[in-house]
Amino acid sequence: MIPLPVLEGVIDASGVAPRIEAMLPIGVRARQLKVRTLLAGMCLTQADHRPAHLTRVHQALTALPEDDRRRLGVPAGWKHGPHLLTYRQTERTFGLVADALSKDEPDGLPSGRLQRVCDHLLEASIPGQFKHASSALAVDWTDAETFSRPPPHGTSDCADPEASWGHRSGGGPGEDSELFFGYYPSAATMMREEHGPAVPELARRMTVCSCRHDPARALVPVLTAMPAQGIPLGDVLAGSGYAHRDAGAWAIPLRQSGAQLVQDLHPLDRGPRGTHHGAIIANGNLYCPATPRSLLELGPLARDATLEQADAHDRQTAETARHKLGRVTSDDHDGYHRVICPAAMGKIRCPLRPASLRLDRDRPEILTPPGHPPGCCTQQTITVPPEVAAKTRQKHDYPSAAHRKSYARRTGAERTFSTAKDPASNNIARGWTRLMGLTPIMLWLACLMAVRNQRILTAWDARQEENARRAAAGLPPKTRRRRRKTLASLAATTAPP
């Protein structure tokens, strides 16, 4: 369990308690439960793997040692003697906090006040030595089912009017997805840089939206606000669910904020998708009009591919890169840049560029150039406006080996929610919290993510100490055991009678 002083340090470093306290109304009698103590109780509840119930918050606070209880104001001096905190006081303070952070007219999206509180709480849970260790973020969303029963068919009346129907991965055999009633939590997790050292996978930002809203669009303003907060954006690792969104909803605002996209393309976005001045638009790049169709339609490497298949795939993607038009300028302030023919760059041999025919014959050669050469073949360079391949353009050529290795870091985002949904841990399934509405659920999830970050840091420190001990003893670093067993390994270990 995370020690109480660690959780108090996170709350104090975030500075959210006095800000929320200033939003609350002043009653005739002073409240016994302060916001700082409430947040400490919520974090203690999550640190002890308890469900997010206010009764558990009350139990966690009243079960503290006497010194901690007095320091936090759990017992207070009244005119008739000391008074121990009651559940109704816990419920009252939480209700005031939820009302202060909610919108006047709830619409399924968090208010600016609530989002800032969650941002500061998560940022405070990251130690100073890791705040600038990496600017790469892996993003993902998951499902959070509300405790409310869905409204009857044909109506909208239920105990949680902000919740809505959404889709999640199906739990049955052969079931791709299933319906649920609730919210979409999203998280952005720190990952190591492409060629940098390992860093702890800490959740740096999170948000929640109703299922009637797009979770990708809900996460964009959270990410694009980070540079103004002194946190530059680097690589943003996203799945095809994000990449398939409209360019104006995901790719363009992130690029404008300085992010470099590393994402999996949706099957409907892969391969040739039109032309620009005769150059073929495919997988976010411009290619020579004589590029073989098989290279442009090359898909990502299969998960169960052998080493030989991976080598063959990498050779094909390397040959595809030879046909790609190369950049000669960076983007200007309007997003325009210029590219040049691959034959003029010396990557391929083409009769339309006589100088390229003097190149070595180990380069691909265009045997049948276009009969009526387009602008990309006749001009020295062509201008590419920002709307060309705006949705699919990214840091590495898709689906090259460099892209595959860089995109492999995205699994950290899935591990973030897998720990939060672990049945042996907090398990944010239905019933994890019986409070309804976006604000209570998001506030609880922010506390859960802050506590999860402390667990990750504890495991990280223990692993670093173990590696240092093994290095001092002349032993290699400890590696994780491969837990997956194959049919071949089972057949080899199971001898017939």
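Please work out which residue is nearest to the chain's Cα centre (by Cα), limiting yourself to region 62-101 and to residues that are in a loop (DSSP other than H, G, I, E, B) and free of Cβ contacts under 8 Å to residues at least 12 places away in the same chain. Across region 62-101, the extreme among qualifying residues is Ala63. Of the helices (runs of 4 or more DSSP H) contained entirely in region 371-464, those carrying at least 2 residues that are among the hydroxyl-bearing types (Ser, Thr, Tyr) fall at 401-407, 411-420.
All conditions but one from (1) at pLDDT 95 or above; (2) within 21 Å of Trp444 (Cα to Cα); (3) open to solvent by less than 20 Å² (accessible area, probe 1.4 Å) apply to Val236; the one that does not is (2). Being closer than 19 Å to Thr392 by Cα, open to solvent by 50 Å² or more (accessible area, probe 1.4 Å) and touching a His at 6+ places or on another chain (Cβ under 9 Å) is not true of Leu286.
Scan region 44-101 for residues that are surrounded by fewer than 14 Cβ atoms within 10 Å (Cβ to Cβ), of a type in the set (Lys, Arg) and closer than 22 Å to Leu438 by Cα and the total you get is 1. Entry remark, region 364-389: residues being closer than 30 Å to Trp250 by Cα, surrounded by 15 or more Cβ atoms within 10 Å (Cβ to Cβ) and not polar (S, T, N, Q) number 6 in total. Residues of region 279-318 that are in a loop (DSSP other than H, G, I, E, B) and free of Cβ contacts under 8 Å to residues at least 40 places away in the same chain: Thr291, Pro292, Glu297, Ala302, Arg303, Asp304, Ala305, Thr306.
Which is in a strand (DSSP E or B) and surrounded by 12 or more Cβ atoms within 10 Å (Cβ to Cβ), of Pro151, Pro200, Pro161, Pro185?
Among Pro151, Pro200, Pro161, Pro185, only Pro185 is in a strand (DSSP E or B) and surrounded by 12 or more Cβ atoms within 10 Å (Cβ to Cβ).
With (1) in a helix (DSSP H, G or I); (2) open to solvent by 50 Å² or more (accessible area, probe 1.4 Å); (3) of a type in the set (Gly, Ala, Ser) as the list, and Ser330 as the residue in question, which single condition is left unmet? Here Ser330 clears every test but (1). The set of residues from region 4-29 being surrounded by 12 or more Cβ atoms within 10 Å (Cβ to Cβ) and not in a helix (DSSP H, G or I) comprises Gly15, Leu24. Taking region 336-361 as the range and being in a loop (DSSP other than H, G, I, E, B), touching a residue at least 24 places away in the same chain (Cβ under 8 Å) and touching a strand residue (DSSP E or B) at 6+ places or on another chain (Cβ under 9 Å) as the test, the residues that pass are Tyr336, Cys341, Pro342, Ala343, Ala344, Lys347, Ile348. For Gln32, state whether it is open to solvent by less than 30 Å² (accessible area, probe 1.4 Å) and not in a helix (DSSP H, G or I). Considered against the rule, which asks whether it is open to solvent by less than 30 Å² (accessible area, probe 1.4 Å) and not in a helix (DSSP H, G or I), Gln32 comes out as yes. Of all the listed residues (Arg393, Arg409, Arg361), the sole one being basic (Lys, Arg), more than 23 Å from His213 (Cα to Cα) and open to solvent by 40 Å² or more (accessible area, probe 1.4 Å) is Arg361.
Leu223: open to solvent by less than 10 Å² (accessible area, probe 1.4 Å), in contact (Cβ under 8 Å) with a residue 24 or more places away in the chain and under 20 Å from Lys395 (Cα atoms), yes or no?
On the way: open to solvent by less than 10 Å² (accessible area, probe 1.4 Å): yes; in contact (Cβ under 8 Å) with a residue 24 or more places away in the chain: yes; under 20 Å from Lys395 (Cα atoms): yes.
Criteria met by Leu223.
The single condition from (1) in contact (Cβ under 8 Å) with a residue 24 or more places away in the chain; (2) under 19 Å from Val16 (Cβ atoms) that Ala136 fails is (2). Taken together, the residues in region 425-467 that are without any contact (Cβ under 8 Å) to a residue 60 or more places away in the chain, open to solvent by 60 Å² or more (accessible area, probe 1.4 Å) and not acidic (Asp, Glu) amount to 2.
Just one of the listed residues (Ser418, Ser406) is in contact with a strand residue (DSSP E or B) (Cβ under 6 Å, 6 or more places away or on another chain), of a type outside the set (A, V, I, L, M) and at negative phi, and it is Ser406.
Report whether or not Arg205 is part of a strand (DSSP E or B), out of contact with any Lys or Arg (no Cβ under 7 Å at 6 or more places or on another chain) and buried (at least 22 other Cβ atoms within 10 Å of the Cβ). When the stated conditions are applied, Arg205 passes them.
The values are calculated or read from the model by the stated rules, or taken from the named source; none is laboratory data. Everything quoted here is computed from the prediction, not taken from an experiment. Virtual Cβ from ideal backbone geometry, glycine too; neighbours counted across all protein chains shown. Keep in mind that these areas ignore ligands, DNA and RNA; they rest on the heavy atoms of the full protein, side chains included. Shrake-Rupley method; radii C 1.70, N 1.55, O 1.52, S 1.80 Å.
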